[in-house]
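Data block below; observations after.
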Amino acid sequence: MVKVGVVGTGHFGKEHARVYSSIDRANLIAVCDTDEKTGRARAEALNAPFEADFRQLIGKVDAVSVAVPTISHHKIACELIDAGISVLVEKPMAQSLAEADEMIALARRRGVTLQVGHLERFNPAVIAANKVVTRPVFFQVDRLSLFTPRSLDIDVVMDLMIHDLDIVLSLVRCDAGEIRAAGVPVITSKIDIANARIEFTNGCVANLTASRVSGERVRKLRFFQPNEYVSIDYSAQDAAMVSIERAATVPLPKFHSRLLPVRREEPLRLELLSFLAAVEGAPVEVSGTDGRKALELALAVTAEIDSHLKKTLLPL
């Protein structure tokens, strides 16, 4: 069994702890949080020990999920990695590319696993779509959520859009070129709704919208590739494909629609099983390098939004 700990018992951390406690190959050694009242209550609910200081995990665990505010990702992850502990750090992996680079380099030197928590990679609908992707040429992505008082230390690009930026990058397998983006703060002092149009170096275009101040919840990604259209509903864990059959003797093409085979499972459970396997020597499915690429693109989108706001005289 892999001895694991969880640092942070907020929205995501408590779920990490819950899932670890249900996995036979994981031994949840302790959960940690500076908020002793909340952390201890969540530890007791899982019959797990509680620690107020994450450093108490050193020497006791093989791996840790870091699910604290982004501002603390780099500091906590680096201390754990330097102690020889494998780390799964929630997205965004860091505040800056310099922090991300240090985390990646340190994990390489210490010979431990660094995985980034891009949860949608493990969504069964995304897994199904990955099996049929060929050469995407256009993406339309919408991620809309109701407002909740969490993750307000980061803007909507880092909070929500980064999920889809990572998925698009994994499907396009190409670097971003031109980026155009706009967004505005609505409830918070940071960007709450944003749109980005990204043209990749191979000509593929992605149009993404993310909002945390919407009146409905929508999480869909659609992409077109030669003679095919693929639709993903993240929430329903559904994936569908429409194929076009053309014939020289027939004036109109034929359309063939089908649902892609999806084996429904909790994405977080699949993510943590993947992390445990990586700790034991399997390839890392979402590496520090993957997390850095998503962070780099998210930062570029945010910079473009800031530039657009300055032009429209709406400073943050």
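The values are calculated or read from the model by the stated rules, or taken from the named source; none is laboratory data. What you see is a predicted model; the values in this text were computed from it and never measured. Here Cβ is always computed from backbone atoms with ideal geometry, including for glycine, and neighbour counts include all displayed protein chains.
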Quick check: anything in the range 209-221 out of contact with any Leu (no Cβ under 7 Å at 6 or more places or on another chain) and polar (S, T, N, Q)?
yes
Where the second residue is in a helix (DSSP H, G or I) and aromatic (F, W, Y) and the first is under 24 Å from V156 (Cβ atoms) and at pLDDT 95 or above and lies in the range 86-106, which pairs have Cβ atoms under 7 Å and are six or more apart or on separate chains?
L88/F275
May I ask you to list the residues in the range 19-45 that are farther than 15 Å from S274 by Cα and surrounded by 18 or more Cβ atoms within 10 Å (Cβ to Cβ)?
L28, I29, A30, V31, C32, D33, G39, R42, A43
Residues located in the range 79-94, provided they are crowded, with 19+ Cβ neighbours inside 10 Å and out of contact with any strand residue (DSSP E or B) (no Cβ under 8 Å at 6 or more places or on another chain):
P92, A94
Looking at the range 161-174, can you tell me whether even one residue there is surrounded by 14 or more Cβ atoms within 10 Å (Cβ to Cβ), touching a helix residue (DSSP H, G or I) at 6+ places or on another chain (Cβ under 8 Å) and either part of a loop (DSSP other than H, G, I, E, B) or at pLDDT below 95 (or both)?
no
Restricting the range 85-137 to residues that are over 28 Å from Y234 (Cα atoms) and of a type in the set (D, E), which is farthest from the chain's Cα centre (by Cα)?
E102
Suppose the filter is more than 22 Å from V213 (Cβ to Cβ), buried (at least 23 other Cβ atoms within 10 Å of the Cβ) and either at pLDDT 95 or above or among the aliphatic types (A, V, I, L, M) (or both); does A125 pass it?
yes
Selection from the range 210-250 of residues touching a helix residue (DSSP H, G or I) at 6+ places or on another chain (Cβ under 6 Å) and over 22 Å from A129 (Cα atoms) yields R212
Look at I179 and say whether it is closer than 18 Å to F122 by Cα and not in a loop (DSSP other than H, G, I, E, B).
no
Return the residues of the range 268-285 that are surrounded by 20 or more Cβ atoms within 10 Å (Cβ to Cβ) and over 13 Å from Y20 (Cβ atoms); say none if nothing qualifies.
A278, V284
Would you be able to tell me the number of residues in the range 46-70 that are of a type in the set (G, A, S) and either within 29 Å of D155 (Cα to Cα) or surrounded by 21 or more Cβ atoms within 10 Å (Cβ to Cβ) (or both)?
4
Tell me yes or no: at least one residue of the range 147-158 is buried (at least 24 other Cβ atoms within 10 Å of the Cβ), in contact with a strand residue (DSSP E or B) (Cβ under 9 Å, 6 or more places away or on another chain), modelled with pLDDT of 95 or more and among the aliphatic types (A, V, I, L, M).
yes
